[in-house]
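What follows is one structure encoded as structure tokens, with my remarks underneath.
The values are calculated or read from the model by the stated rules, or taken from the named source; none is laboratory data. From a predicted model like this one, the values you see are computed outputs, not experimental measurements. For neighbour counting, all protein chains shown are included, and Cβ atoms are generated from backbone atoms with ideal geometry for every residue, glycine included. The accessibility values were calculated without ligands, DNA or RNA, using every heavy atom of the protein model including side chains. Shrake-Rupley method; radii C 1.70, N 1.55, O 1.52, S 1.80 Å.
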Amino acid sequence: MADAPLTDEERAELERLRAEKAAREQAARNAAQKAELESLRAEQAEAEQMVRDAERRERAREYMEPDEDLRMPLGQKLVLLVLAIIVAVFVMSFVGGGLISG
């Protein structure tokens, strides 16, 4: 019986099963490619974010470091200006409040 040729019905079933198997394999390849694409996109986005973060850190470092002439950097000037204003407001309110009540 093993040497008997396939009947038309068996041959049709074999072809149908082969087609289903090929479709499943193609679907699996498509899913794997889609997953790889998403993974590569995520890696690229992460790499771009790392570049942006490095650029921001470099700008922040330059913002807070003295320039070539060793002058005070702009960031420090702004911090000192804000502190001076806070101290001036505090002193004015303390001195001004004492003069008005006295």
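At-a-glance table
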read-out: Count of residues meeting criterion [over 20 Å from the mean Cα position of the chain (by Cα) and of a type in the set (A, V, I, L, M, F, W, C)] in the range 25-56; value: 4
read-out: The range 57-73 - residue that is among the basic types (K, R) and in a helix (DSSP H, G or I) and, of those, farthest from the chain's Cα centre (by Cα); value: R61
read-out: Test result for L6, open to solvent by less than 90 Å² (accessible area, probe 1.4 Å) and part of a loop (DSSP other than H, G, I, E, B); value: yes
read-out: Yes/no for A88 being assigned to a helix (DSSP H, G or I) and open to solvent by less than 70 Å² (accessible area, probe 1.4 Å); value: yes
read-out: Long-range neighbours under 7 Å by Cβ, at least six apart or interchain, first residue at pLDDT 95 or above within the range 1-30, second among the aliphatic types (A, V, I, L, M) and outside any helix (DSSP H, G or I); value: L14/L6
